[in-house]
Amino acid sequence: MNQFEYIRTTDSKAAIKAMTKTGEAQFLAGGTNLVDLMKMRIVVPDRLIDINPLPLRDIEKTLTGLRIGALASNSEVAEHPLVKKNYPLLSLAINAGASAQLRNMATTGGNMMQRTRCPYFFDVTLPCNKRSPGSGCSALEGYNRMHAIFGASTACIAVNPSDMSVGMATLDAVVHVSGPKGDRSMKFTDFHRLPGNEPQKDNNLLPGELIIAVDLPASRYPQNVAYVKVRDRNSYAFALISVAAALDIRDGIIHTASLGMGGVAHKPWRLTAAEAFLAGKKPVDENFRKAAAISMEGAKAYVLNKFKLTMAPNAIRAALQQAAAKA
Amino acid sequence: MKKVVIGESVSRVDGRLKVTGGAHYSGEYPLPNLAYGVLVPASVTSGTIVDIDSKAAAGSPGVRAVITHFNAPRVPGYQAGAAKPVRGLKLFADNKIYFNGQPIALVVADTFEQATFAAGLIKAKYNRESFATDFRSNLEKGVTPQGGRYKDYARGDASLLDNAPVKIKQEYSLPSEMHNPMELHVTTAWWDGDDRVTLYTKSQGVISSQRSIAAAFDIPEKNVQINSRFVGGAFGSSLRTWPHEVAAVQAAKMLKRPVKLTLTREQMFTLVGYRPLTIQKIGLGANTDGSLIAITHESVSQSAVYEEFTENSVNISRFLYASPNVMTRYKIVPLNVGVPTPMRGPGEATGAFALECALDELSYVLKMDPIALRLKNYTESDPERNLPWSSKHLKECYEVGMEKIGWSNRPAVPRSLKDGEWLVGYGVGCGAFGAYRGKANAKIKLLPDGTVIIQSATSDIGPGTGTAMTVIAADILGLPTDKITFELGDSSLPVAPTQGGSATVSSVGSAVHDVCTAFKKKIYGLTGKPEDSTEAIAWSELLPKLNLPYLELSQESQGNDTAKNYSMYSFSAHFAKVYVHPLTGMMQVKQIFATVDAGKIVSHKTAASQMIGGAVGGLGMAMTEEAVIDDRYGRLVNGNFADYHVPVNADVQQIDAYFTDKPDPIINPVGTKGIGEISLIGVAPALANAIYNATGVRIRDLPITPDKILEGEEKLG
């Protein structure tokens, strides 16, 4: 860990202002990812701005949906009665991630900001364009078992590790941020970005911007939901593939479907073509199989993650089956 | 408190200390003026150090020394022609780099944080040389280890395999697996003058550590005091004295103050050994009735360029089943990696995985129940050494295990049993591990209040050694366990062997048995009773009556020559029930039932705990653990607890153990054979075989992960 300045602030404006001063600065919330990265000298900030005292912890009803404060912990969100009742998919996704101890500390905004688990990003002695732009991508021809099959570039094939974000993206959440130039909102699906030529940028936040809250729209999927996470052990492992499935089934017909996938791209991956296909169809395995096949168009695997080309459609099918089966 | 006898369930005598924080581990002695050492790893895989820029580190707050090969004090045992040369890596002795992560410097500072910070400021220049870490592409470099112990073995004519009516020839592999005990490796050392040193260090053998440190620094053994009273797991990783332990002693000498050196979790993946990556070829030839005609077992394991590591991975194929013709061959491939070290069930766990999976494969070809196949080839004597077993009750293990796991539900045809979405399968894996008894000493001391202290310089790395020893003493002396204190983990106590090879209860337990028995006789003598009296002793009245301040007795104990006429092993059969999801490849180990013939069990509760722990280790071996090196760089890519997967609670469901609990009549007076290793051997094949039974997918390369299941299912079509 390097030497750094530590500021604790009770006011968003002051926090944002501190962020824009010279030198590399980082907001500190739960610290479950950032502190590890600092210990390994992957992130070496000059200044930490502790935002924990900010009044951003509430989870409250909005006119049509639910607002989740950026500092609400993952556990608080997953166990909140309104989340469990109206957005059970989000509870499932959050509880599929990390461990109980980590979920108690990790925050909503912090979870959105967590960095990739690519082993080369974590090894400061080796090339990595995300950690050290221009140095090269060690994963392209290296140990790429965990890596992307969608939306990657020759500069970076890392994946976003968050389960919560897959749930949020699938539920059409909206992110509210505040920055030096004022407040703005964006779709959750627009928050994270693909690597392109700038893999060092995980998301579309502008310099100095702070996540304030995430809004969930009116509940469309209170019942037929599933989160299937395929991983190397039954808890506390990052996804090889994860699938969030939400179905609105009326009179035996899928009215609408929302599908998201994790462990496959630099961002939570919405399966919009499959969603369009499923709308108006019967919730039967034949349609789930087709939806899964449609979802895989454009997938590209590397030496060690070819299994994802099979595992991903299988997991989509499994998630749809489980979601449809919920009475 | 009631009296206990050998075989009862007794809670850990040190359990309360452990759960209340009263047990102090080697890193928990806050000595005055303690300095902290942090190692700096090399970032290249082979070559020489050209220069080390340590100016910034040396000038960093709190830093007292930066030790490198440029300034390290001479270690006598590292020198050419040393009377007792230290084996293995000679840290800071020269500029050579043999593997990535090899320490190039030790930073010592007033606090751990200062040392850690300064360690990050060290910059080294290297002359890089070519290296090899890729095991599979260097297989042709495999050599037979030095010395005769590992020469090729032949019994009969194994080439008859080719003419056998039914045969199996398959290749199995397992990756390098790390011990990774919860407690990090740590050494605290300080010198008293020039020739006396004391260590608190994580050790499985305080006497062995004492000898190693004395040899390294060329001082009398009695001048080295090793303390290792509590050890938070080791699994073999503390069987030897490691270079970083010598470095801590070296630093303490240089600074003339106590130094504590703790490895980081990441350094635990490179500096304290592992079970080596091994590829094995098994050939089985059988008659149509299942009787084996021939077994061939060839194994190639990873070793290090700077030190040879060997283990008995092929031996199990020579004696576990009755086959007239057997051939085994063992080779190692020296690579630019840290040296392996024995890991729980060393050798046999590796070999049993291959042999027991191959036997399972053969059972399907023969359309024969896997247990029936094993019974067909059951052997009532050791076919390797032509000796009778000292005891063997493996048939009882089969019977109990089959009943407890519900073997009658096992589908004869794979992939034909379902529970909801899940495929269900059953499997078995057998194991054996040599039962040993070494020479050991114990001392007993009676105090005026009627309590006794028993001492022996053994270790307790977690199995509950102190508890087992207390039970043996309580039984013989007729004293409640709370009147007995067993002391261990201190090199000044009576000499005992290192805790390894499942031999502690056999060796040290015998010493405790013998010294307690002799002590009773002595007391009967002193009180004018016949030596073979069985009268209860009134312990608290004894010393006042005899007008003595204390009474003590020491005794050395070892086996007799009768044992040489027998082959002595612990035997096991592990049964497993596994669920596999056919779409995702995710697995759930619903049940493991371990059945064990380990002779007499001294304390059922702690023994069962040990069996459960071993089964969890075997589950990791089978399904989660794999150290991965990127061979372009020679660096581990998953050397941390997030990416190197050990089983977590969600992976561990029902695990139980059954002991035949029949005393071995030969090995030692109590009749114990040892369970530490056998608890893991056989678990991985039981799981692999259950997964095959569930899915029809045979995975021969560990660990068995969801991607491999799906790959196999694709091939099934």
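If exposed GluC sites (Glu not before Pro) are those in a DSSP loop with at most 13 other Cβ within 10 Å, what is the longest stretch of chain A that has none? Intermediate values should be presented prior to the final figure.
Working: sites that count: A:24, A:141, A:297.
Excluding the exposed sites themselves, the longest stretch runs over A:142-296.
Modelled label-to-label distance, residue A:300 and residue B:550, 7 Å Cα→beta-carbon offset: nm?
7.7
Rounded to the nearest 20 debye, what is the charge dipole size of chain B about its Cα centre when +1 sits on each Lys and Arg Cβ and -1 on each Asp and Glu Cβ? Walk me through the numbers before you get to the answer.
On the way: 72 positive and 72 negative charges, 176 e Å.
The calculated dipole for chain B is roughly 840 debye.
Efficiency by 1/(1 + (r/R0)^6): what FRET value for residue B:24 and residue B:182, r their Cβ-Cβ distance, R0 = 25 Å, to the nearest 0.05? Kindly include the intermediate steps, with their values, before the conclusion.
Details: r = 15 Å, r/R0 = 0.61.
The value I calculate is 0.95.
With 20 Å as the limit, write out which pairs from A:229/A:308; B:520/B:662; A:308/B:715 have Cα-Cα distances beyond it, or answer none.
B:520/B:662
Roughly how many Å is it from the Cα centre of segment B:445-511 to that of segment B:334-378, as a whole number?
35
Against the longest principal axis of chain A, how steep is helix A:308-325, in degrees 0 to 90 to the nearest 10, with axes from Cα atoms?
70
What base-10 log of the normalised intensity I(q)/I(0) is obtained for segment A:1-149 from the Debye formula, alpha carbons as equal point scatterers, at q = 0.11 Å⁻¹?
Each listed q corresponds, in turn, to -0.54.
So if I average 1/r over every pair of distinct C-alpha atoms in segment B:278-379 and take the inverse, what Kirkwood radius in Å does that give?
Values: mean 1/r = 0.0695 Å⁻¹.
Kirkwood hydrodynamic radius for segment B:278-379: 14.4 Å.
Where the accessible area of chain A is counted over protein heavy atoms with a 1.4 Å probe, how much of it, in %, is carbon and sulfur?
Working: 7070 of 13190 Å².
Percent of accessible area from carbon and sulfur atoms in chain A: 54.
Work out how far the C-alpha atoms of the protein assembly as shown reach from end to end along every principal axis, then list the three figures in whole Å, largest first.
96, 74, 60 Å, listed from the longest principal axis down.
Using only protein heavy atoms and a 1.4 angstrom probe, determine the accessible area buried between B and A, summed over both sides, in Å² to the nearest 100. Walk me through the numbers before you get to the answer.
Values: alone 27710 and 14600 Å², together 39420 Å².
Result for this pair: about 2900 Å² buried.
Using 0.36 nm per residue of separation minus the Cα-Cα distance, give me the extension gain between residue B:416 and residue B:526 in nm, one decimal.
Working: separation 110, 0.36 × 110 = 39.60 nm, distance 7.21 nm.
Extra length from residue B:416 to residue B:526 when fully extended: 32.4 nm.
Helix by helix, which DSSP H runs in chain B go 20 Å or more along their axis at the Cα atoms and have an average Kyte-Doolittle hydropathy of -1.0 or more?
Values: long enough: B:348-366 (26 Å, 0.77); B:504-526 (32 Å, 0.42); B:604-623 (28 Å, 0.57).
Length and hydropathy pass: B:348-366, B:504-526, B:604-623.
Show me, bin by bin at 10 Å from 0, the whole-percent P(r) of segment A:261-327 based on Cα pairs.
All Cα pairs, binned at 10 Å, distribute as 20, 54, 23, 4, 0 percent.
Just report the Cα centroid separation between segment A:12-73 and segment B:16-32, whole Å.
So the separation of the two Cα centres works out to 37 Å.
What dipole magnitude, in Debye to the nearest 20, does the protein assembly as shown give about its Cα centre under +1 on Lys/Arg Cβ and -1 on Asp/Glu Cβ?
On the way: 111 positive and 99 negative charges, 214 e Å.
Roughly 1020 debye for the protein assembly as shown.
Per residue, what accessible area does segment B:137-203 have, given a 1.4 Å probe and all protein chains present, in Å²? Working shown, then result.
On the way: 3310 Å² over 67 residues.
Roughly 49 Å² per residue, with all protein chains present.
Roughly how big is segment B:329-472's charge dipole about its Cα centre, with Cβ charges of +1 (Lys, Arg) and -1 (Asp, Glu), in debye to the nearest 20?
Working: 17 positive and 15 negative charges, 83 e Å.
Dipole magnitude for segment B:329-472 comes out near 400 debye.
To the nearest 0.05, how large is the calculated FRET efficiency for residue B:93 and residue B:222 if R₀ is 30 Å and r is the Cβ-Cβ distance? Mind showing how you got there, number by number?
On the way: r = 26 Å, r/R0 = 0.88.
My answer for the efficiency is 0.70.
Give the Cα extents of chain A along the principal axes, in whole Å, largest first.
So the three principal-axis extents are 59, 49, 34 Å.
Which distance in Å, rounded to a whole number, links the C-alpha centroids of segment A:294-327 and segment B:383-398?
Their Cα centres are 50 Å away from one another.
Give the Kirkwood hydrodynamic radius (Å, one decimal) of segment A:204-327, defined as one over the mean of 1/r across all pairs of different Cα atoms. Write down the numbers at each step before the final one.
Values: mean 1/r = 0.0646 Å⁻¹.
Its Kirkwood hydrodynamic radius stands at 15.5 Å.
Out of every Cα-Cα pair in segment B:617-717, what percent are more than 15 Å apart? Don't skip to the answer; put the middle values down first.
Values: 3675 of 5050 pairs.
That tail contains 73 percent of the Cα-Cα pairs.
Provide the three semi-axes, in whole Å and in decreasing order, of the ellipsoid equivalent to segment A:40-122 as defined by the square roots of 5 times the Cα gyration tensor eigenvalues. Intermediate results must be reported in sequence, preceding the final value.
Working: eigenvalues 139, 57, 20 Å².
Those come to 26, 17, 10 Å.
Does any residue of segment A:303-317 lose at least 40 Å² of accessible area with all protein chains in place compared with its chain alone, and if so which ones (probe 1.4 Å)?
A:307, A:310, A:311, A:314
Return the distance in nm (one decimal) between the two label points of a simple spin-label model at residue B:128 and residue B:3, each offset 7 Å from Cα along Cα→Cβ.
Distance between the two pseudo-spin positions: 7.2 nm.
Which residues in segment B:243-270 have a backbone N closer than 12 Å to a point placed 7 Å from the Cα of residue B:116 along the Cα-to-Cβ line?
Taking a point 7 Å out along Cα→Cβ of residue B:116, the residues of segment B:243-270 whose backbone N falls under 12 Å are B:262-266.
Cross-link list A:300/B:418; B:443/B:521; B:202/B:605: which exceed 22 angstrom alpha carbon to alpha carbon? Let's see the in-between values first.
Numbers: A:300/B:418 34 Å; B:443/B:521 15 Å; B:202/B:605 25 Å.
Checking Cα-Cα distances, A:300/B:418; B:202/B:605 exceed 22 Å.
How are the Cα pair distances of segment B:161-304 distributed, in percent, across 10 Å bins from 0?
Reading upward from the zero bin: 11, 30, 21, 13, 12, 9, 3, 0.
Just the Kirkwood number for segment A:121-260, please: inverse of mean 1/r across all distinct Cα pairs, in Å, one decimal.
On the way: mean 1/r = 0.0579 Å⁻¹.
Kirkwood hydrodynamic radius for segment A:121-260: 17.3 Å.
Kindly identify chain B as rounded, prolate or oblate by the Cα gyration tensor criterion: order the square roots of the eigenvalues as a ≥ b ≥ c, call it rounded if a/c is under 1.5, otherwise compare a/b with b/c, prolate if a/b is larger, else oblate.
On the way: a/c = 1.80, a/b = 1.09, b/c = 1.65.
In terms of gyration-tensor shape, oblate.
Take the cross-link list A:306/B:708; A:326/B:708; A:85/A:326 and give me the ones stretching past 23 Å between alpha-carbons.
A:326/B:708, as the Cα separations exceed 23 Å there.
Let me know the shape class of segment B:1-160, please: from the alpha-carbon gyration tensor, a ≥ b ≥ c as square roots of the eigenvalues, rounded when a/c is under 1.5, otherwise prolate if a/b is greater than b/c, or oblate. Walk me through the numbers on the way to the answer.
On the way: a/c = 2.31, a/b = 1.04, b/c = 2.22.
Taking the square roots of the gyration eigenvalues as a ≥ b ≥ c, segment B:1-160 is oblate.
Between residue B:288 and residue B:605, what is the label-point separation in nm under the 7 Å Cα-to-beta-carbon projection?
For residue B:605 paired with residue B:288, the spin-label model returns 5.6 nm.
Mind listing P(r) for segment B:410-538? All alpha-carbon pairs, 5 Å bins, whole percents.
2, 10, 17, 17, 13, 9, 6, 5, 4, 5, 5, 4, 3, 1, 0
Over segment B:331-465, what lengths in whole Å, largest first, do the semi-axes of the equivalent ellipsoid take, defined as the square roots of 5 times the eigenvalues of the alpha-carbon gyration tensor? If you can, show how the numbers build up before the last one.
On the way: eigenvalues 314, 102, 77 Å².
Semi-axis lengths for segment B:331-465 are 40, 23, 20 Å.
So between residue B:155 and residue B:17, what do we pick up on full extension, going 0.36 nm a residue minus the alpha carbon distance?
Working: separation 138, 0.36 × 138 = 49.68 nm, distance 5.26 nm.
Fully extending the segment from residue B:155 to residue B:17 adds 44.4 nm.
As a test of the definition: which semi-axes, in Å, follow for segment A:1-66 when you take the square root of five times each eigenvalue of its alpha carbon gyration tensor? Largest first, please. Numbers along the way, then the final one.
Values: eigenvalues 141, 45, 17 Å².
Working from the Cα gyration tensor, I get semi-axes of 27, 15, 9 Å.
Provide the descending list of Cα extents for segment B:496-580 along its principal axes, expressed in whole angstroms.
Principal-axis extents of the Cα atoms in segment B:496-580, largest first: 69, 37, 26 Å.
For n ≥ 4 DSSP H runs only, could you compute -39500 (n - 2.57) per run for the protein assembly as shown, divide by its residues and tell me the 222 nm figure to the nearest 500?
Details: 28 runs with 271 residues, N = 1044.
So the calculated ellipticity at 222 nm is -7500 deg cm²/dmol.
What's the local net charge at residue A:290, with K and R +1, D and E -1, over the other residues with C-beta under 11 Å away? Intermediate results must be reported in sequence, preceding the final value.
Details: positive: A:281, A:289, A:317; negative: A:285, A:286.
Around residue A:290, the charge tally is +1.
The values are calculated or read from the model by the stated rules, or taken from the named source; none is laboratory data. As the structure is a computational prediction, the values presented were derived from the model and not from experiment. Neighbour counts are summed over all protein chains in view; Cβ atoms, including those assigned to glycine, are modelled from backbone coordinates with ideal geometry. Note: accessible area is taken over every heavy atom of the protein model, side chains too, but ligands, DNA and RNA are not part of it. Shrake-Rupley method; radii C 1.70, N 1.55, O 1.52, S 1.80 Å.
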